[in-house]
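What follows draws every value from the coordinates through simple rules; no lab data is involved. Keep in mind it's a predicted model, so treat the numbers as computed, not measured. Because the Cβ atoms are built from the backbone with ideal geometry, glycine has one as well, and the counts that use them run over all protein chains shown.
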Ligand SMILES: [Zn+2]
């Protein structure tokens with residue numbers, strides 16, 4: 001048996017590994033590469049292996065950097081099944097459909113931009129690119145019906161006729177529907193057959209609802225070989241879901257190869273118990289000023305963790321029960337998935353909610369925005385409330401509308417609860433806001449630019465750390481040292497090279513045998 005690494009090698013996205021036996025090729029995760037558009041597009045467009053050779057697939061969790069290329073495999077000659085936890089299967093329904101929708105929208109917009117630039121050049125003549133406003137409007141009318149809907153067919157025809165690049169989505173909604181038919185949700189800790197003499201057992205990974213570590217065993221000629229794929233590993237004591245599993249069944253404890261994530265292999269997080277008092281402080285201060293709290297939040301995980309904390313604080317009467325609005329269709333769907341999978345909740349969630357007959361995701365103050373009109377009405381609502389809206393890094397989506405209506409008002413707070421990538425608008429907002437506060441909020445408010453306009457950032461910008469979905473170095477070590485596993489070799493994946501190599505050194509200094517594979521490298525088991 002051997003494992004070959006084709007993604008998330010010395011980087012954090014595009015998880016894609018194959019496990020090969022004499023009879024089977026099992027794909028472990030099938031993630032999208034995320035990052036700069038052109039670079040990601042090149043990596044995503046071509047699958048590293050022919051889907052025909054793949055017999056089955058095991059998915060660690062539903063995050064798109066682990067599941068986002070599934071439809072590219074299943075629309076080809078893949079006749080196998082996709083094994084994952086039941087909650088992961090349910091979350092993939094929402095996330096893969098959303099992925100297809102985003103790709104279609106992006107492709108349509110980029111093609112429109114190419115067509116518009118081309119027509120502007122033609123109209124202006126001789127390579128000049130400036131044209132009159134009237135002519136530009138004619139061009140826009142040709143390519144758009146109404147303000148928003150692009151005439152995709154007209155645009156594509158024009159691009160093809162003039163040999164211009166047409167951007168196409170990686171897959172369609174029909175491809176996603178086909179993929180969803182291959183999902184096989186299985187319970188944790190139940191061993192299933194995934195190939196000849198080959199089994200898989202899932203254990204909780206504590207990273208996100210449904211996330212799993214998978215123990216894969218091949219038994220041939222009286223010998224057993226065991227691979228443990230960690231997927232992404234979560235933090236201990238996170239709200240809602242169970243911690244990363246430390247108690248493996250006796251037959252799953254001798255691991256020949258552990259494929260382990262290393263996102264924060266060289267970092268330590270803030271402790272989780274410090275988060276609630278900080279959240280309470282920010283909310284109370286804002287409500288005392290008569291303001292609202294805008295939280296840019298990722299639809300899957302962060303939104304539900306915040307809802308859960310807020311619900312707990314409302315029950316304990318720690319903060320006034322202001323309305324909480326979830327303004328994201330995807331977050332709304334995923335929150336329902338959370339509500340439908342209590343089997344994944346930890347003891348605390350059982351004691352605080354389920355045993356009392358309370359659904360953590362269903363209470364009077366929690367409201368889901370149903371329409372664009374309702375979202376717009378909420379934009380203008382000056383009564384105190386909390387709004388959770390996407391996108392998580394403020395790169396688009398409804399959160400920008402809430403910011404547009406609320407950041408000029410010093411009573412309001414923008415609460416940052418997630419990682420803001422470099423060069424994102426969220427990171428810019430965070431840096432500008434924190435600098436203004438650090439300088440004592442003196443002088444005119446700094447300006448931030450979006451929607452082609454400058455807005456004064458008078459709202460407070462606060463950051464709550466500790467919400468990471470990934471364990472830090474100590475938590476990764478806990479999985480290794482406090483579990484009942486005995487591990488012969490570790491292959492580190494899913495980390496920026498600097499984090500991974502530092503973690504590899506740390507592991508070696510603790511006596512582990514570690515390899516950090518390059519793209520395409522195989523490790524035999
Ligand atoms: Zn993940």
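Distance from the C-alpha centroid of the range 500-525 to that of the range 58-118: 30 Å, rounded to the whole angstrom.
Per-residue extension of 0.36 nm, minus the Cα-Cα distance of residue 280 and residue 267, leaves a gain of 2.1 nm for this segment. With an 8 Å Cα cut-off and a minimum separation of 6 or more residues, compute the relative contact order for the range 443-525 in percent. About 19 percent, as a whole number. Specify whether the C-alpha gyration tensor of the range 478-525 places it in the rounded, prolate or oblate class, a ≥ b ≥ c being the square roots of the eigenvalues: rounded for a/c under 1.5, otherwise prolate if a/b is larger than b/c and oblate if not. It is oblate, given that a/c is not under 1.5 and a/b is not larger than b/c. Which of rounded, prolate, oblate describes the range 37-166, given a ≥ b ≥ c as roots of the alpha-carbon gyration tensor eigenvalues and a/c under 1.5 marking rounded, otherwise prolate only if a/b is larger than b/c? Verdict is prolate for the range 37-166.
When each of the peptides 393-401, 445-453, 136-144, 223-231 is scored by the mean number of other C-beta atoms lying within 10 Å of its residues, the order from highest to lowest reads 223-231, 393-401, 136-144, 445-453. Simple spin-label estimate for residue 410 and residue 237 gives 3.7 nm between the two label positions (7 Å along the Cα-to-Cβ direction from each Cα). Restricting to Cα pairs below 8 Å that are 6+ residues apart, what does the relative contact order work out to for the range 272-463? Please round to a whole percent. Computed over the range 272-463, the figure is 29 percent. A straight line joining the Cα centroids of the range 1-34 and the range 257-300 runs 31 Å. Here the calculated FRET efficiency for residue 359 and residue 161, from their Cβ-Cβ distance with R0 = 41 Å, stands at 0.15, rounded to the nearest 0.05.
In the chain, the ratio of gyration radius to Kirkwood radius, Rg to Rh, stands at 0.99 when only Cα atoms are counted. Note on residue 477 and residue 153: the model spin-label points, each 7 Å out from Cα along the C-beta direction, lie 6.3 nm apart.
The calculated FRET efficiency for the pair residue 447 and residue 220, based on their C-beta separation and a Förster distance of 60 Å, comes to about 0.35.
Taking 0.36 nm per residue of separation and subtracting the current Cα-Cα distance, fully stretching the chain between residue 122 and residue 76 would add 12.5 nm. Fully extending the segment from residue 316 to residue 498 would add 61.2 nm, taking 0.36 nm per residue of separation and subtracting the current Cα-Cα distance. Beta-bridge orientation, the chain: approximately 50 percent antiparallel, per DSSP, counting only bridges with both partners inside.
Size descriptors for the range 98-161: radius of gyration and Dmax over Cα atoms are 12.6, 42 Å. Histogrammed with a bin width of 10 Å, the alpha carbon distances of the range 376-525 distribute as 9, 30, 21, 16, 16, 7, 0 percent, first bin at zero.
The listed peptides 249-257, 155-163, ordered by packing as a protection proxy, come out as 249-257, 155-163 (highest mean of other Cβ atoms within 10 Å first). Of the residues 461, 154, 372, 326, the one with the fewest other Cβ atoms within 10 Å heads the list, and the complete ranking is 372, 154, 461, 326. For the peptides 276-286, 510-520, 295-305, the ranking by packing is 295-305, 276-286, 510-520, with the highest mean count of neighbouring Cβ atoms within 10 Å listed first.
For the range 132-210, taking the reciprocal of the average inverse distance between every pair of different Cα atoms yields a Kirkwood hydrodynamic radius of 18.0 Å. Computed on the chain, with alpha-carbon pairs under 8 angstrom and 6+ residues apart, the relative contact order is 18 percent. Over the chain, dividing the summed -39,500 (n - 2.57) contributions of all DSSP H runs of at least 4 residues by the number of residues returns a 222 nm mean residue ellipticity of -11000 deg cm²/dmol.
Averaging Cα coordinates gives a centre for the range 373-432 and one for the range 190-245; these two points are 38 Å apart. Would you kindly give the portion of the calculated P(r) for the range 272-463 that falls above 31 Å, as a percent of all Cα pairs? That fraction is 15 percent.
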